[in-house]
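The numbers here are math on the coordinates, done by the rules we state, and not lab data. Please read these numbers as outputs of a predicted model, since none were measured by experiment. Neighbour counts are summed over all protein chains in view; Cβ atoms, including those assigned to glycine, are modelled from backbone coordinates with ideal geometry.
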Amino acid sequence: MRFERKRVWLTHKYREQWECCPLCCEQLKWVYDGNVWIPCNIEPKMFRRQIGSSLNMVKKKELIEGCELYKGGSPEGFTYGLIPHVYTCTELMKGLSL
Ligand SMILES: [Zn+2]
């Protein structure tokens with residue numbers, strides 16, 4: 001399989017034509033933050049700010065840097081947002097582990 005330029009990045013300058021991930025076929029939701037397009041997973045996830053974390057989440061069309069996902073326990077301080085697909089793409093993970 002050739003990758004060409006069909007790859008999922010955290011942000012895209014332009015909205016791509018695909019509605020599904022070109023690598024793993026998961027359905028995506030494109031969010032425009034006023035500057036760039038961010039392909040996100042459709043299902044919202046609970047998260048909160050976490051200084052030093054490399055995870056970015058999308059909330060109200062804004063990319064929020066330094067987040068951690070809810071992993072159980074008290075949900076206090078957590079809010080719902082969309083997770084950019086680049087963090088969960090199974091095909092992309094395989095590529096990174098090479
Ligand atoms: Zn994918």
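Here are the numbers for this structure:
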item: Members of the range 22-53 that are within 22 Å of residue 66 (Cβ to Cβ) and more than 14 Å from the chain's Cα centre (by Cα); result: 34, 35, 48, 49, 50, 51, 52, 53
item: Tabulated pairs, the range 4-23, first in a loop (DSSP other than H, G, I, E, B), second within 14 Å of the ligand (Cβ to nearest atom) and acidic (Asp, Glu), C-beta under 7 angstrom, 6+ apart or interchain; result: 23/91
item: Count of residues meeting criterion [among the hydrophobic types (A, V, I, L, M, F, W, C) and either under 30 Å from residue 74 (Cα atoms) or more than 12 Å from the ligand (Cβ to nearest atom) (or both)] in the range 8-25; result: 1
